2 protein chains.
Amino acid sequence: MIQAFDDAYFMNKALQEAQLAFDQGEVPVGAIITFKDQIIARAHNLTETLNDVTAHAEMQAFTAAADFLGGKYLKDCTLYVTLEPCQMCAGASYWTQIGKLVYGASEPERGFVKLQTKLHPKTKVVKGILAEECATLLKRFFIEKRNLN
Amino acid sequence: MIQAFDDAYFMNKALQEAQLAFDQGEVPVGAIITFKDQIIARAHNLTETLNDVTAHAEMQAFTAAADFLGGKYLKDCTLYVTLEPCQMCAGASYWTQIGKLVYGASEPERGFVKLQTKLHPKTKVVKGILAEECATLLKRFFIEKRNLN
C-alpha cells in the first residue's frame, strides 16, 4: 500500500519524535519540518537535557531547517508539531515566515491561540491532526511523573 | 569615581554588545543578564552570521545564563536589552521566569508591548534606559545599510 504524504503522515513522524522525548524523561513534544514533502528537520523537546527552557522542539526544528536550506526563511516549509506552539515558538515562526503550521493537541492555557500571538500573515494554520494521540502521550507522561514523585 | 551598578551601568554594557553586532553587519541589539549585580551572560544579535532568525540577543543570553547558573530558571536575574523584546523573546522570558526585564529603545511595531505577549507574573519591567543611545545605534545601522544598497 502506498502511503500518501498527507498531514497525518508527517504528524505521525512528529509523534515518533515526541516518543523519543518521552523515553528521555522530557515533556513529549515532537516536531518535523518539511520542504516539498521531504523532511528536512526533526526535533523533540530537550529542556531538561539541555537545562534550557528555550529548547522546545519547534525552536530546534527552525534552526535545523534554516541550516539545511542555507537560508533564514522557511516560506515554502511546513512545521508539524504535536502540541500547539507557545508564544515563544509562535513568535519564532513569525520570523521564519513559515508557510504552514500544523499542530496536533491544543494547549488551551499557554498556547498561541489563547495568548493571541501574532503569526506571519502568510502562515496557514491547520489544527487537530492526530490530536488524540498527541494529547494521550502528554497525559501519560504527566501521570507517570506524578506517580514517581 | 566609583560607578554605581545601576540600570544605566548595565544597559551601557548591553550597548557595547550591540556595537559588536553593528561592527559585524548585524542589526545592533545587545543583551546582558546579571545575577546579584554580576554579569553572567553577554550576547548580541547573530541572525545573519548564524543564518537563523531565532538567534536574537535575548535568546542567546537566556541559554548562556541558564548554563552558567546550572539551573533552567532565571528568577533572581535581570535581563538588560537595548531594544524592546519581540514576541519570541518575551515568550522565552516567560519560561525563564526572569525577575526583571530592562529595555532601552521601544519597538512600537513588533515589540511585546503592542503585541501583548504575556510575561511571567513575577517579571518586573523597566523601560527607556539609555533609550536614545540604543535607538540611535539602530537608526545609524539602517541608514548605512540603505546607502549601501
Task: Residue that is farthest from B:L115 (Cα to Cα), among those in the range A:109-131 that are in a loop (DSSP other than H, G, I, E, B) and away from chain B (no Cβ under 14 Å) - done: A:L130
- [ ] Considering only residues that are small (G, A, S) and in contact with a Leu (Cβ under 7 Å, 6 or more places away or on another chain), look in the range A:15-62 and name the one that is nearest to B:S93 (Cα to Cα).
- [x] A:A55
TODO: Scan the range A:75-86 for residues that are over 25 Å from A:E132 (Cβ atoms) and either part of a loop (DSSP other than H, G, I, E, B) or within 9 Å of chain B (Cβ to nearest Cβ) (or both) and report the count.
DONE: 2
Task: Failed criterion for A:P28 (all others in (1) assigned to a loop (DSSP other than H, G, I, E, B); (2) crowded, with 22+ Cβ neighbours inside 10 Å; (3) in contact with a strand residue (DSSP E or B) (Cβ under 6 Å, 6 or more places away or on another chain) hold) - done: (3)
Open item on the list: Checking B:K72 against (1) facing chain A (nearest Cβ under 10 Å); (2) farther than 21 Å from A:T49 by Cβ, only one condition comes out false. Which one?
Closed with: (2)
Task: Only listed residue being within 10 Å of another protein chain (Cβ to nearest Cβ) and in contact with a Ser or Thr (Cβ under 9 Å, 6 or more places away or on another chain), chosen from A:A43, A:A57, A:A31, A:A66 - done: A:A66
Task: Pick from the range B:2-25, criterion without any contact (Cβ under 8 Å) to a residue 60 or more places away in the chain and either at positive phi or small (G, A, S) (or both), ranking: surrounded by the fewest Cβ atoms within 10 Å (Cβ to Cβ) - done: B:A4
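Readers should treat all values here as calculations from the given coordinates under stated rules, not as data from a laboratory. Every value quoted in this text rests on a predicted model; they were computed, and no experiment measured them. Cβ sites come from the backbone with ideal geometry, for glycine too, and all protein chains shown count toward neighbours.
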